[in-house]
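> Could you have a look at this structure, given as C-alpha cells, before my questions?
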Amino acid sequence: MVGEQSIADDSTVWLIQNPHDVSLLMRSSDGGAHWDFVGGALQESEIIDSAWTDSTLLFLGAEGTLWSSDDGAETWSSNAVMDTEVEATSMEAVAGTIFVGTKEGAFLGQTGDLSALSMVLDDVEIRTVAFSATDPAILVAGTKTGAIYRSADGGEYFSELQSLTGGRQLW
C-alpha cells in the first residue's frame, strides 16, 4: 500500500506510505496543503489496509493486529480479538459495520465494538472487499484463488458466485 490516499471529509485527507516495511500515516486537515505525521504506536508496524468511517473513526490492519482510533488518529487501540493474526488483506467499514478480510478468512462486526468480531468466511484468503454504494447490506468479497462471494444481508451469510477470473488471483 504505497501512497494510498483516502479523503475522509471535505478537508481531511489521509495518506499511508510503506517505504521500507514501516508505515507512515499522515493527515492533512486543509485539503493537502500541509501534512502531519500521526500514528505514534503504529510507527513499528506495516499497515496493510485501512477503513475510514469519517474523519475521526479509523481502522488499520497491520502485522497481526487490527488498530482503531476514534479521535482522528491522536490515540490508537489494538484489537487482537481474532483467533488468527490479522494480516488484513482487505477491510471496509460502512454504516456501522466493519468487514476484515485476512489470509485465513473474513471477520464481521460493529465498528463500535471490535471485541465482538466473528468469522463469517473460513479458510479462504480474502484479497478484496466492497460494500454496495447504494445498499450497505450488499457485500462482495474476492479471494486469492479468484472465487467471489456475495452477501445480501450485511455479511451474515455468503454465497459463492461463479468465478469470473478463470482462477486468476484477485487484488
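The values are calculated or read from the model by the stated rules, or taken from the named source; none is laboratory data. Being a predicted model, the structure only gives us computed values, none of them experimental. Every residue, glycine among them, receives a Cβ derived from its backbone with ideal geometry; neighbour counts consider all protein chains shown. All accessible areas refer to the heavy atoms of the entire protein, side chains included, with ligands and DNA or RNA removed. Shrake-Rupley method; radii C 1.70, N 1.55, O 1.52, S 1.80 Å.
> If you take the residues of the stretch 109-136 that are within 15 Å of SER77 (Cβ to Cβ) and among the hydroxyl-bearing types (Ser, Thr, Tyr), which of them is most open to solvent (accessible area, probe 1.4 Å)?
SER115
> Does ALA73 fit the bill of being touching a Gly at 6+ places or on another chain (Cβ under 7 Å) and modelled with pLDDT of 70 or more? Walk me through it before giving the result.
Working: touching a Gly at 6+ places or on another chain (Cβ under 7 Å): yes; modelled with pLDDT of 70 or more: yes.
Against the criterion (touching a Gly at 6+ places or on another chain (Cβ under 7 Å) and modelled with pLDDT of 70 or more), ALA73 qualifies.
> Sticking with this structure for a sec: Taking the residues in the stretch 85-94 that are open to solvent by 30 Å² or more (accessible area, probe 1.4 Å) and at pLDDT below 80 as candidates, determine which candidate is farthest from the chain's Cα centre (by Cα).
Looking only at the stretch 85-94, we keep the residues that are open to solvent by 30 Å² or more (accessible area, probe 1.4 Å), and these are 85, 87, 89, 92, 94.
If we keep only those that are at pLDDT below 80 too, we end up with 85, 87, 89.
Details: GLU85: 14, GLU87: 10, THR89: 8 Å.
Only one residue tops the list, namely GLU85.
> Here's something else I'd like to know. Might you check whether a residue that is at pLDDT below 75 and closer than 20 Å to ALA130 by Cα occurs anywhere in the stretch 23-38?
No: the stretch 23-38 contains no residue that is at pLDDT below 75 and closer than 20 Å to ALA130 by Cα.
> Right, here's the next one. Taking the condition closer than 29 Å to GLY142 by Cβ, at pLDDT below 75 and surrounded by 14 or more Cβ atoms within 10 Å (Cβ to Cβ), does LEU42 pass?
On the way: closer than 29 Å to GLY142 by Cβ: yes; at pLDDT below 75: yes; surrounded by 14 or more Cβ atoms within 10 Å (Cβ to Cβ): yes.
The answer is yes for LEU42.
> Return the only residue of LEU60, LEU121, LEU117 being at pLDDT 85 or above and either in a strand (DSSP E or B) or within 16 Å of the chain's Cα centre (by Cα) (or both). Don't jump to the end; show me each part of the working.
Details: LEU60 fails: at pLDDT 85 or above; LEU117 fails: at pLDDT 85 or above.
Every option except LEU121 fails the conditions.
> Would you confirm whether or not the stretch 11-19 contains a residue that is over 16 Å from the mean Cα position of the chain (by Cα), modelled with pLDDT of 75 or more and not β-branched (Val, Ile, Thr)?
Yes, that holds for at least one residue.
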